[in-house]
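What follows is a short report on a single structure.
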Amino acid sequence: MVVGLCTVELFISESQSLKDKRQVLHSLKDRLHGKFNLSVAEVDGQDLWQKAVLGMACVANEGGYVNQVLEQALNVIKGMPAVEVVRTKLELL
């Protein structure tokens, strides 16, 4: 069993309130879960308007597959105009 963990720090420049931020994150989390069947949660920066840290997890029996899924999820995030990726960290356990 291989567990993939990915932490993504995001900057949401258009956000003017926590409500704006939650709308963007809710849409993003639903898209990632629906498309890649990932577990996605906001793990840091909950009280900041324009910063968010998302944690994503994927479990499979092959490390290559886990890495591919997480890389594709990162590409979806990078393709969203509402967010800017500041930092990413990917690890396989």
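Among [x] 35; [y] 23; [z] 67, only one was calculated for this model; which label is it, if the read-out is percent of Cα pairs over 22 Å apart?
This structure yields the entry labelled [y].
Among the listed pairs Lys21/Lys89; Lys21/Lys51; Lys51/Lys89, give every one whose C-alpha distance is greater than 19 Å.
In this structure, Lys21/Lys89 exceed 19 Å between Cα atoms.
Which aspartates and glutamates does Lys29 reach when only Cα atoms under 17 Å apart count, and residues fewer than 8 places away in its own chain are ignored?
Within the straight-line cut-off, Lys29 pairs with Glu9, Asp20, Glu42, Asp44, Glu71, Glu84.
Please give the charge dipole size of the chain, origin at the Cα centre, charges +1 on K and R Cβ atoms and -1 on D and E Cβ atoms. Round to the nearest 20 debye.
Charge dipole of the chain: 160 debye, to the nearest 20.
Could you compute the FRET efficiency for Val2 and Arg22, with r as their C-beta to C-beta distance and R0 at 35 Å, rounded to 0.05?
0.65
With a 1.4 Å probe and every protein chain kept in, tell me what percent of the accessible surface of the chain is carbon plus sulfur.
49
The values are calculated or read from the model by the stated rules, or taken from the named source; none is laboratory data. Fair warning: this is a prediction, and the values are worked out from it, not measured in the lab. As a convention, Cβ positions derive from the backbone with ideal geometry for all residues, glycine included, and neighbour counts pool all protein chains shown. Areas reflect the complete protein model, heavy atoms only, side chains present, ligands, DNA and RNA absent. Shrake-Rupley method; radii C 1.70, N 1.55, O 1.52, S 1.80 Å.
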